[in-house]
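Remarks on the structure that follows.
The values are calculated or read from the model by the stated rules, or taken from the named source; none is laboratory data. Just so it is clear, the model here is predicted, and its values are computed rather than measured. FYI the Cβ positions are ideal-geometry reconstructions off the backbone, even for glycines, and counts take in every protein chain you see.
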Amino acid sequence: MRFKAKLAMEHVQLLHNMVGPISRLTSGGGGSLADSGVSGGPLLGGSSSHYPSAFGSGGTVMHLDPEHVRISTRGGSGSNGGTSGSDGDGIACFAELATCNGIFLEHRIESASDNIIVFEIDLAQLRLALQSVLFSNGSFGSKGGRRSVAQSALHNSGDARDSSALAALPALVTYVVVMKLAKRGGFPCLCLDASCSGGSIDVHHAIPVRIMRAAEMQYHLPPRIDLPDVQLELPAERPLRPVVERLRTISPQSERF
């Protein structure tokens, strides 16, 4: 099983904008950025003993295949992975992104299950990791106060002002973000490595995940909704006939009553 992809900063911003609102549906808090590593710091979660409980209440399932990235999440009591999406209460949310000419610059997704990878992740932790990458992009290489302002915002990511602080930080260098599945401390993780154009690592995150069987995705698919039936009841004198007769001269799709 292999997954590795490269994202440009605009892709990271797009993913963050999508993940942010969805992550608030789940019951997991996701921790804070003070636990994550910046500029080569320790991994998110630090000690391997934190990994098993890091996503237990996240309730978000990610489905990867060579063509799409799908996110399925449910808030409230129905947020445990591996169970039917019809069980439990809460708001369900589904999102789909294209991989080819879409969210990834390049990617590699391989598995024994027809190149499909399914895992459970705490979406709040993913949001914080993406947010720190965006902050780092705005502050890397700068001097003085801007760097300290960015680091202060990083360690107070739960504050309502972090979005405005992020918008105020300009992109000073070209970044490439690598997203991949790897083991950290013996546990599978979704890793994000952000590097500048010079190749130095500025941000490194490892978000614990729980690998699932591809068949379990059937419990996290969007509901099938039939197309609505439309019925029109017209009065006996059929007042629409003159209108339709005139429309026939405009569009061949108009049919005669």
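Being at pLDDT 70 or above, surrounded by fewer than 21 Cβ atoms within 10 Å (Cβ to Cβ) and not in a helix (DSSP H, G or I): is that true of E233 here?
Spelling it out, E233 is indeed at pLDDT 70 or above, surrounded by fewer than 21 Cβ atoms within 10 Å (Cβ to Cβ) and not in a helix (DSSP H, G or I).
Tell me whether region 182-190 contains one or more residues that are surrounded by 13 or more Cβ atoms within 10 Å (Cβ to Cβ), in a helix (DSSP H, G or I) and modelled with pLDDT of 80 or more.
Among the residues of region 182-190, not one is surrounded by 13 or more Cβ atoms within 10 Å (Cβ to Cβ), in a helix (DSSP H, G or I) and modelled with pLDDT of 80 or more, which makes the answer no.
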